[in-house]
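First the structure, in the form of structure tokens, and then the observations on it.
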Amino acid sequence: MEHGLGIAWKSVSKTYNDGTVAVNNVSVTADEHRTLALVGSSGSGKTTLLQMVNRMVTPNSGTVLIQGQDNQGMNPVTLRRSIGYVLQNGGLLPNKTVLDNIATVPVLQGTRRKDARVHALELLDEVGLEKSIQNRYPSELSGGQQQRVGVARALAANPEILLMDEPFAAVDPIVRRNLQDELLRLQSEIGKTIVFVTHDIDEAFYLGDKVALLRPGGTLAQVGTARELIDHPADSFVASFINAGCLRSELQ
Amino acid sequence: MNWLILNCAQILHYALQHMLLSVFPILLGTLVAVPLARLANGFRLTRSSIYVASSVLYAIPSLPLLIFLPALLRTKILNPVNIEVALTIYAIAIMLTSASHAFLSIDPSVIHAADAMGFGAWKKFFQVELPLAGSQLLAGIRVVSVSTISLVTVGSLIGVNSLGFFFLEGYQRDFPLEIWVGIAATALIALLFDQILAICGRVLMPWNHRRVTRERSAA
Ligand SMILES: Nc1ncnc2c1ncn2[C@@H]1O[C@H](COP(=O)(O)OP(=O)(O)OP(=O)(O)O)[C@@H](O)[C@H]1O
Ligand SMILES: [Mg+2]
């Protein structure tokens, strides 16, 4: 596992043009066929880190290896089509129906539209949506439905890697738990390399085989399994971040 | 009234002529301006020049332009190409600014999403940018259409006849009815074109015309 399969961020840093330091010297690995949960408060650089994988963001220093290969050497368009990406805000195309949104990437890759739509219809079912919404436009869906369509779209081209940016943020706690269970079930069948971004430590513990906790300022606080983080928090920041989560769980 | 009945065939003839003369500048002006505006939007310098270029083009007085164009294009003065070129220039002038605005108005997060899905530049232009700028582009085309249809009448001054013929003849013969018929027929054509464009918009962009559009929930 240590030897580079999956995704490896090697000492990556990103400072945006306006001087914001989003990610500061982070090294972490997402193991193949496992889920890495990236967790941290708002603005701690989770989305930035995630987007380095499909080259939507280029690090100022450091490298990102995918299956042992530096992704800077890869064609960005081909790379992006080969990676499933659930955007934080859903990111559906407003001018395409639900079905065509899901079929986007396979069609870009050259699958015949008709075949792509048949598969898209199956995926709709897979993420727990009614088939009746297939011909709606994104503006005719609720926030939660949009996010599920986003998940279906990310799965459509059957990618090895799945990047999920707070995919369940817009749904209520009960539906969220359903979706989380659904994802765990799906993952046990399909075994993707998943990077799952969340600001919710409980969700990170629930879904992540491994959890990477980011500090404000974009540095890595600790990486490990849920057990390791709970039993041996690296410092008071990790401990308090976990405690805040536990407190909320108890209150709920 | 008698005049109207006697000249029915001629009115129809010039109305048809009028439409034919209008279609080409509307289409060509749009086809030139839309990609040009999109290209120019890509760079700060060219983007800010669009407005200047538009204003300068639109400020050219039409009559001198019609007189200079034959020399410039090496065409005969009566050749309809002259008026078509002049009208296309005005169409481009109007369309450049509105197309630039149309593309700038697209929600950047949708463009971001399209990039992240792996759209190449061309596919992104045709499948995402063009459709999403569509309703504003259409608004621009409708202005171009009305403006072109009214400007076509100027052609009568250089012998390219349309419904403008009735303005000229009515004026020369001091016969207001003829002028009014010309104006009414021109307005009817403008209305007809506008309706056709509106219908095209509804057919081509169904996502703008479904139920009440809900607010997209922000995550
Ligand atoms: N394009 C950009 N230009 C300038 N600053 C940016 C840009 N994108 C992100 N930032 C800044 O970089 C920092 C990290 O942003 P990022 O989106 O990675 O955070 P995040 O952990 O995903 O936050 P959230 O949980 O709110 O989504 C923030 O301070 C943000 O304001
Ligand atoms: Mg984020």
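The values are calculated or read from the model by the stated rules, or taken from the named source; none is laboratory data. Just so it is clear, the model here is predicted, and its values are computed rather than measured. Cβ placement follows ideal geometry from the backbone for every residue including glycine, while neighbour counts extend to all protein chains displayed. Remember, those area values only see protein heavy atoms, side chains included, never the ligands or the DNA or RNA. Shrake-Rupley method; radii C 1.70, N 1.55, O 1.52, S 1.80 Å.
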Query raised in the report: Any idea what diffusion coefficient chain A gets from Stokes-Einstein, in µm²/s, Kirkwood Rh on alpha carbon pairs, 37 °C, 0.692 mPa s?
Result: 176
Requested in this report: For chain A, give the magnitude of the charge dipole about the Cα centre (Cβ charges: +1 Lys/Arg, -1 Asp/Glu; no others), in debye to the nearest 20.
Outcome: 820
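Using protein heavy atoms only (no ligands, DNA or RNA), what is the total accessible area buried between B and A, 1.4 Å probe, nearest 100 Å²?
Separately minus together, B and A give about 2600 Å² buried.
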Query raised in the report: Per residue of A:90-98, what is the mean number of Cβ atoms on other protein chains within 10 angstrom of that residue's Cβ?
Result: 6
**Report entry** Reachable aspartates and glutamates from residue B:123, criterion Cα separation under 15 angstrom, eight or more residues apart if same chain
**Finding:** A:100, B:115
Query raised in the report: In debye to the nearest 20, how big a dipole does segment A:1-138 give about its Cα centre with +1 on each Lys and Arg Cβ and -1 on each Asp and Glu Cβ?
Result: 440
Requested in this report: Please find the FRET efficiency linking residue B:23 to residue A:125, where r is the Cβ-Cβ separation and R0 is fixed at 60 Å, and quote it to the nearest 0.05.
Outcome: 0.80
Report summary line: Taking only the alpha-carbon positions of segment A:113-227 as identical scatterers, the Debye log10 I(q)/I(0) at q = 0.11, 0.13 Å⁻¹ comes out as -0.40, -0.55
**Report entry** Alpha-carbon spread of segment A:1-105, three principal axes, descending order, Å
**Finding:** 41, 34, 26
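What is the sum of charges, Lys and Arg at +1 and Asp and Glu at -1, for the other residues whose Cβ falls under 12 Å from the Cβ of residue A:149? Before the final figure, lay out the partial values.
Values: positive: A:96, A:136, A:148, A:153; negative: A:100, A:126, A:130, A:140.
Value of the local net charge: 0.
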**Report entry** Selected from B:75, B:64, B:152, residue furthest toward positive end of dipole (segment B:56-175; charges at beta carbon)
**Finding:** B:75
Query raised in the report: Which one of A:108, A:128, A:147 has its Cα pushed farthest toward the positive end of the charge dipole of segment A:92-158, where Lys and Arg give +1 and Asp and Glu give -1 at the Cβ?
Result: A:108
Query raised in the report: Can you give the convex hull volume per residue for the Cα atoms of segment B:2-218, as a whole number of Å³?
Result: 156
Report summary line: Computed for chain B: size of charge dipole around the Cα centre, +1 on C-beta of each Lys and Arg, -1 on C-beta of each Asp and Glu, debye to nearest 20, value 680
Report summary line: Across the alpha-carbon set of segment A:92-158, Rg over Rh with Rh taken as the Kirkwood radius works out to 0.92
Requested in this report: Treating the Cα atoms of segment A:163-203 as identical point scatterers in vacuum, please give the log10 of the normalised Debye intensity I(q)/I(0) at q = 0.19, 0.23, 0.29, 0.32 Å⁻¹, two decimals.
Outcome: -0.56, -0.82, -1.17, -1.26
Query raised in the report: Considering protein heavy atoms only and a 1.4 Å probe radius, which residues within segment A:125-140 exhibit an accessible-area decrease of no less than 40 Å² in the full assembly relative to the chain by itself?
Result: A:137, A:139, A:140
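If you build the convex hull over the alpha carbons only and average its shadow over all orientations, what do you get for segment B:118-219? Give it in nm² to one decimal.
Taking a quarter of the hull surface, the average projection is 10.4 nm².
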Report summary line: Residue ranges of DSSP H helices in chain A that stretch 18 Å or more (Cα, own long axis) and have mean Kyte-Doolittle hydropathy of at least 0.0 are A:236-251
Query - Distance in nm between pseudo-label sites at residue A:75 and residue B:143 (7 Å out along the Cβ direction from Cα) - result: 4.1
Query raised in the report: At a 1.4 Å probe, what is the % contribution of carbon and sulfur to the accessible area of segment A:92-158?
Result: 43
**Report entry** Positive dipole terminus of segment B:2-218, leading residue within B:208, B:17, B:116 (C-beta point charges)
**Finding:** B:116
Requested in this report: Please check chain A for the longest run free of GluC sites (Glu not before Pro) that are loop-located per DSSP (anything but H, G, I, E, B) and have at most 13 other Cβ atoms within 10 Å.
Outcome: A:3-129
Report summary line: Taking the protein assembly as shown, the whole-percent share of alpha-carbon pairs separated by over 37 angstrom is 44
Query raised in the report: What do you get for Rg/Rh over segment B:35-132 if you use C-alpha atoms and the Kirkwood form of Rh?
Result: 1.14
Query raised in the report: Which number gives the lysine pairs in chain A that have C-alpha atoms under 28 Å apart and are eight or more places apart or on different chains?
Result: 15
